[in-house]
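Okay, structure first, notes after.
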Amino acid sequence: SDVANLKTTARRDGDHYVVNGSKTFITSGMRADFYTVAVRTGGPGPGGVSLLLIEKGTPGFTQTPLKKMGWWCSDTATLYFDNCRVPVENLVGVENQGFKAIMKNFNRERIFLAAGANGFARVCLDEALAWSREREMFGGKLIDQQVTRHKLADMAMRVEATQALLELLAWRVEQGDTPVGEICLLKNQATQTMASCASEAVQLHGGAGFMRGVKVERIYREVKVNAIGGGAEEVMRDLAARQLGFYA
């Protein structure tokens, strides 16, 4: 979460940068052919960060896979750089100005993550509704129980509210606005909606919701990666508060 404090270094040596360090929890770290790598080319803090394009197979650059709770369709890896020589022309943008590009990319990533999380939440609602109409218990259907209908109504309320905020902020971005604080809140709103809907959907499925092969079981396992990736919920709250001027 503390992007400005990254430790991987890139030292200029003639027409190359010599990169040393490591990075972990990197999405598509095994299967990627090219990597946009944030490195420290200057002093401490955001002002010393640059971006380098590093190709797989570059001497001194290796990767190891990581096993995860969920998101099995996408590999995650730790990257290692051991005196890895990267041509100077592989610098992306301006030296020591890479932090701005990272932050700009985060805004887009958080919108995409919010859209995906709310999509997962909607699947949970659809699956829970279908199951509740099918499951027979106590002489009727699960949906005949008032508590079931209330759970489904709460899920729908969260999904539709999140969708409205998502569409509003997507429209603002298309108009050229950069609502950083509001995007942070959207990301949290979406991941919390996903968490709530996934939990309730598994609960309504009962034992079936704990079995592999059921959509809601898979979505439940993938809640946390969405709540952490692209900016953890705690970081999003604090960044939103600062961006919206919530300080003394």
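Bear in mind that the values in this text are calculations on the coordinates, not laboratory data. Because the structure is predicted, anything quoted here is derived from the model rather than measured. So basically every Cβ, Gly included, is an ideal-geometry build from the backbone, and we count neighbours across all protein chains shown.
The figures follow:
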read-out: Given charges at beta-carbon only (K, R positive; D, E negative), |dipole| of segment 62-142 in Debye; value: 240
read-out: Rounded to whole Hz, the Karplus (6.51, -1.76, 1.60) HN-Hα couplings of segment 142-158, x for glycine and proline; value: 4, 6, 5, 7, 4, 4, 5, 4, 5, 4, 5, 5, 5, 4, 4, 4, 5
read-out: Spin-label pair T36/V235, simplified geometry with 7 Å Cα→Cβ offset, distance in nm; value: 1.6
read-out: Any cysteine of the chain lacking a neighbouring Cys Cβ under 4.7 Å - listed by number; value: C73, C84, C184
read-out: Sites R135 and K100 - FRET efficiency at Förster radius 41 Å, r taken between beta-carbons, to 0.05; value: 0.20
read-out: Ordering of 98-110, 131-143 by packing [mean C-beta count within 10 Å, highest first]; value: 98-110, 131-143
read-out: Difference of contour (0.36 nm per residue) and Cα-Cα distance, N83 to R172; value: 27.7 nm
read-out: Separation in nanometres of the label points that stand 7 Å from Cα toward Cβ, at D144 and K7; value: 6.2
